[in-house]
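The values are calculated or read from the model by the stated rules, or taken from the named source; none is laboratory data. Quick caveat, the model's predicted, so the values are computed rather than measured. We place every Cβ from the backbone using ideal geometry, glycine too, and count neighbours over all the protein chains shown. Calculation scope for accessible area: heavy atoms of the full protein, side chains included, ligands and nucleic acids excluded. Shrake-Rupley method; radii C 1.70, N 1.55, O 1.52, S 1.80 Å.
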Amino acid sequence: MGNFLAGKVVAVTGAGRGIGRAVALAAAAEGAKVVVNDYGVSVDGASPTSEVAEAVVKEIEAAGGDAVAVADDISTMAGGQRVVDTALASYGRLDGVVCVAGILRERMLFNMAEEEWDPVVATHLKGTFTVFRAASAVMRKQGAGTLIGFTSGNHQGSVSQANYSAAKGGIISLVRSAALGLHKYGVTANAVAPVARTRMSAGVPTELTEIGEPEDVAAFVVYLLSDAARDAGVTGQVYTVAGPKIAVWAQPRELRAAYADGGSWTPERIAEALPGSVGTDPMPMLARLAAMEAAARAGERPNT
């Protein structure tokens with residue numbers, strides 16, 4: 001057992017499998033008491049079972065750690081609150097929450113049904129909000145705490161996962177809002193975009209050139225939960241973790257601007273001025289998509 005998180009209480013959603021499980025185990029191994037949350041569903045969100053959360057608790061306890069299971073659905077306000085309430089009832093405080101829970105329902109945008117949109121957005125985005133909402137109230141009073149959301153490189157866009165991409169982009173904005181709103185209370189907020197071998201990544205139709213294991217991501221999350229990250233002023237950031245690679249994403253900012261002579265634009269004047277002055281910001285995913293389509297036509301597995 002290590003002591004990087006000694007004395008801390010950490011709640012992890014989606015902790016029954018994959019990256020969430022790796023985070024729960026790593027946090028416990030570094031001395032944290034862990035609330036293990038998992039609704040126990042399949043990749044598409046069906047067939048919930050409480051056994052997966054209990055199994056991770058048993059793993060932690062067998063290794064000499066301290067953990068408690070919560071099998072609630074965090075896409076509900078009551079479920080998110082119960083995660084936090086369990087931490088307080090069991091350990092008296094809450095120092096960090098890590099929101100990993102997520103599901104997939106892939107479909108092209110023009111075929112996507114409401115039943116494929118709502119559960120994905122609810123699990124990823126609302127599920128992060130419900131836990132952040134309940135945890136931030138506690139952390140504000142404590143004067144300290146860490147919120148960690150899980151996003152994806154797909155926040156840039158996705159061919160067949162508009163629901164997932166929209167939710168992951170929303171999580172980034174939620175994290176940045178939390179970082180701004182809670183900074184004066186001593187609470188940090190960050191997002192992690194993992195690339196790791198999990199149930200979800202197993203269905204990716206391309207060859208991922210940069211990919212690691214859940215344990216790689218867990219090590220980084222433990223750092224974000226630690227006093228070392230707090231002391232370094234890490235907040236409002238989005239990090240990719242892919243095996244040996246750690247990368248930070250740029251903050252949103254304006255690239256170029258143009259101003260209308262006389263203070264107003266007409267469509268005709270915009271058509272004349274915009275291409276040469278404001279222009280566009282090239283979309284890397286479009287070029288990558290073209291390369292993938294060319295590889296597929298050649299009978300090769302595309303790389304990303």
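What helices (runs of 4 or more DSSP H) completely inside the stretch 218-304 contain at least 1 residues that are in contact with a helix residue (DSSP H, G or I) (Cβ under 7 Å, 6 or more places away or on another chain) and at pLDDT below 95?
Those helices (runs of 4 or more DSSP H) span 284-297.
Residues of the stretch 103-129 being of a type in the set (Phe, Trp, Tyr) and surrounded by fewer than 20 Cβ atoms within 10 Å (Cβ to Cβ), which ones?
Of everything in the stretch 103-129, those that are of a type in the set (Phe, Trp, Tyr) and surrounded by fewer than 20 Cβ atoms within 10 Å (Cβ to Cβ) turn out to be 110, 117.
Any residue at all in the stretch 248-261 that is touching a strand residue (DSSP E or B) at 6+ places or on another chain (Cβ under 6 Å) and open to solvent by 70 Å² or more (accessible area, probe 1.4 Å)?
Yes, some residue in the stretch 248-261 is touching a strand residue (DSSP E or B) at 6+ places or on another chain (Cβ under 6 Å) and open to solvent by 70 Å² or more (accessible area, probe 1.4 Å).
Report yes if residue 68 is crowded, with 22+ Cβ neighbours inside 10 Å and within 30 Å of residue 231 (Cβ to Cβ), otherwise no.
Judged against the criteria, residue 68 is not a match.
If we keep just the residues of the stretch 95-113 that are more than 19 Å from residue 192 (Cβ to Cβ) and under 19 Å from the mean Cα position of the chain (by Cα), which is modelled with the lowest pLDDT?
That would be 106.
Might you let me know whether the stretch 62-81 holds any residue that is more than 17 Å from residue 17 (Cα to Cα) and assigned to a strand (DSSP E or B)?
no
Can you find, within the stretch 272-304, the residue that is nearest to residue 195 (Cα to Cα) among those that are open to solvent by less than 70 Å² (accessible area, probe 1.4 Å) and over 35 Å from the mean Cα position of the chain (by Cα)?
277
Contact list please: Cβ distance under 6 Å, first residue in the stretch 27-38 and assigned to a strand (DSSP E or B), second residue among the charged types (D, E, K, R), pairs at least six apart or on different chains.
Correct list of pairs: 33/66.
Does residue 135 meet the test of being touching a helix residue (DSSP H, G or I) at 6+ places or on another chain (Cβ under 6 Å) and either acidic (Asp, Glu) or within 17 Å of residue 191 (Cβ to Cβ) (or both)?
Yes: the conditions hold for residue 135.
Can you name the residue in the stretch 130-164 that is in a helix (DSSP H, G or I), among the polar types (S, T, N, Q) and open to solvent by less than 30 Å² (accessible area, probe 1.4 Å) and is also farthest from residue 11 (Cα to Cα) among such residues?
Among them, the one singled out is 163.
Tally up the residues in the stretch 1-22 that are polar (S, T, N, Q) and either in contact with a Cys (Cβ under 9 Å, 6 or more places away or on another chain) or surrounded by 24 or more Cβ atoms within 10 Å (Cβ to Cβ) (or both), please.
Matching residues across the stretch 1-22 total 1.
Kindly provide the set of residues from the stretch 23-40 that are open to solvent by 10 Å² or more (accessible area, probe 1.4 Å) and either more than 18 Å from the chain's Cα centre (by Cα) or closer than 12 Å to residue 221 by Cα (or both), ordered by number.
If the condition is that a residue be open to solvent by 10 Å² or more (accessible area, probe 1.4 Å) and either more than 18 Å from the chain's Cα centre (by Cα) or closer than 12 Å to residue 221 by Cα (or both), then 25, 26, 29, 30, 31, 33 are the ones that fit.
Of the conditions (1) modelled with pLDDT under 95; (2) in a helix (DSSP H, G or I); (3) open to solvent by 60 Å² or more (accessible area, probe 1.4 Å), residue 52 fails just one. Which one is it?
For residue 52, the failing item is (3).
Residue 176 fails exactly one of the following numbered conditions: (1) modelled with pLDDT of 95 or more; (2) open to solvent by 40 Å² or more (accessible area, probe 1.4 Å); (3) more than 13 Å from the chain's Cα centre (by Cα). What is the number of that condition?
Residue 176 satisfies every listed condition except (3).
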